[in-house]
Each structure stands twice: as structure tokens, then as C-alpha cells.
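First the structure, in the form of C-alpha cells, and then the observations on it.
The values are calculated or read from the model by the stated rules, or taken from the named source; none is laboratory data. Nothing here was measured: the structure is a model prediction, and the numbers come from that model. Here the Cβ is made from the backbone with ideal geometry for all residues, glycine too, and neighbour counts use every protein chain on show.
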Amino acid sequence: MSRVALVTGGTRGIGAAISVALKGAGYRVAANYAGNEEKAKAFADETGIPVFRWDVSNYQACVDGIADVEAKIGPIEILVNNAGITRDAMFHKMTPQQWNEVISTNLTGVFNMTHPVWSGMRDRNFGRVITISSINGQKGQMGQANYSAAKAGDLGFTKALAQEGAAKGITVNAICPGYIATEMVLAVPEKVLNERIIPQIPVGRLGQPEEIGRVVVFLASDEAGFITGSTISANGGQFFV
């Protein structure tokens, strides 16, 4: 029977592309979402991928949501931590609420999702944890001290947990996308995209969500079993580590 993959924030943008790519590769996929019921239902109707609603910043909600997925689909063997939010502000104007909301979702949410599935992965001697970080977690970004801190934290989490999972057949990796043609990025004025953003990208274009999906499919596969603790930069050459 095919393996079960759970994608957080899996009904929109990069997450939707990841969910679809994993389904296309033969996985049984569940897509988590936090709030947009209408878009989640449309995604489920279009793709046939079941959707489950909970807030990854709430640990007990994650425990309960994961239990629901496993009861209906099966034990989660591939976890993709994709859910994320932004609350951008220059630091001198950033509020504690803006800081805490981003850290709670983008960093603590990764713990909240990974912790409940970890024991099962250890027991089965197989697991894949793939976290979607960001180019801004690698290089920082003005106006995103909260987001950059959270996404950099995801990379430290990945490197540490990879060392714990290796002997149990669990790989833990991160992907750092650059500018991807999602709804959020495409909402940026065309002049700004063409004059300020795309010129920074050596390949001369935005990335496509499906390109991130293909990286996830590879990292989830048995063939990627020797890759762990790694950060894959998918940014069109904009930033090198």
C-alpha cells in the first residue's frame, strides 16, 4: 500500500503544488489548512485530496488533527511542514503580537506537527520530514525580522533532528524557496516585480510552485535516503550558501 503524506498549508500556493505532486507520485495525501474553508473545499473537489482543518500553532490541535488523518488514511510517513504566515513590519514598528504569531506558526508549528508523528516514524524505522523554509531564513530580509528568525530556526531544527532520526531510517531536510509565482507574490505590482524583484534572480524569472513540489517528491522517496540534515536552495541563483 502506498505511503501516507501530510502537507500543512497544503491547499494553496506552494502547499497545493506539493500535495498534487505527491499524489501524482502515488502517495496517499492529506492536506491541512487553517482558515479558508471555501478554497480548501474547492481544492479537495478539484484534486480528490482530502482536507483537514486545524491551526498548526496549537499543539493539541495538531495532535488531534494528526490522529484524525491517521484514523482515516493511515500512519503518516511523510510530513511536509509548509504552513506559514507573514506579519511584516519594520522592527521599530513590530508589535509583540506580530512577532509571536509568526514564530508560533512558522517555527513552533514545525515542532507541533513533527513531535506527534516522530514516535511512529521511529517505531516503523522510516520517515521523511520536509520543512519549507525560505531564502529569507538564509539571508534575512528587511521588514521580516520575525519571519526570517522563524525560517532560520527551521533550518536549525532540521539539522538537529536529522542527527536523531538517522539511525531510525528517518530523514529530515529543508527546502528554501526564493520568489515563487504564488498568489501572494503575483499580487505584487507588475512594475515592482519586473524592475526590482526579477532582476535579482539570475535565471530571469519567478519559480513555479510545481518546481518546489518536485523537490519534495524526490526528498520523500526511498532514493533520497542518504540525504538528511540538508537545505536545498531553490531560488534561481539569487542567493548561494
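Couple of notes before you dig in:
- One residue stands out among those in segment 172-189 that are more than 30 Å from Asp222 (Cα to Cα) and not small (Gly, Ala, Ser): the one that is modelled with the lowest pLDDT, which is Met184.
- One residue stands out in segment 58-71 among those that are over 13 Å from His115 (Cα atoms) and in contact (Cβ under 8 Å) with a residue 40 or more places away in the chain: the one that is farthest from the chain's Cα centre (by Cα), namely Glu70.
- Thr114 being of a type in the set (Ser, Thr, Tyr) and surrounded by fewer than 18 Cβ atoms within 10 Å (Cβ to Cβ): no
- Verdict on Met94 being out of contact with any Pro (no Cβ under 9 Å at 6 or more places or on another chain), closer than 24 Å to Asp154 by Cα and surrounded by fewer than 16 Cβ atoms within 10 Å (Cβ to Cβ): no
- The condition of being of a type in the set (Lys, Arg), without any contact (Cβ under 8 Å) to a residue 12 or more places away in the chain and either part of a helix (DSSP H, G or I) or surrounded by 18 or more Cβ atoms within 10 Å (Cβ to Cβ) (or both) holds for only one of Arg196, Arg214, Arg122, Arg128, that being Arg196.
- Among the residues of segment 217-238, those that are outside any loop (DSSP other than H, G, I, E, B) and either of a type in the set (D, E, K, R) or without any contact (Cβ under 8 Å) to a residue 24 or more places away in the chain (or both) comprise Phe218, Asp222, Glu223.
- Residues satisfying the stated conditions in segment 135-190, i.e. of a type in the set (Ser, Thr, Tyr) and without any contact (Cβ under 8 Å) to a residue 24 or more places away in the chain: Ser148
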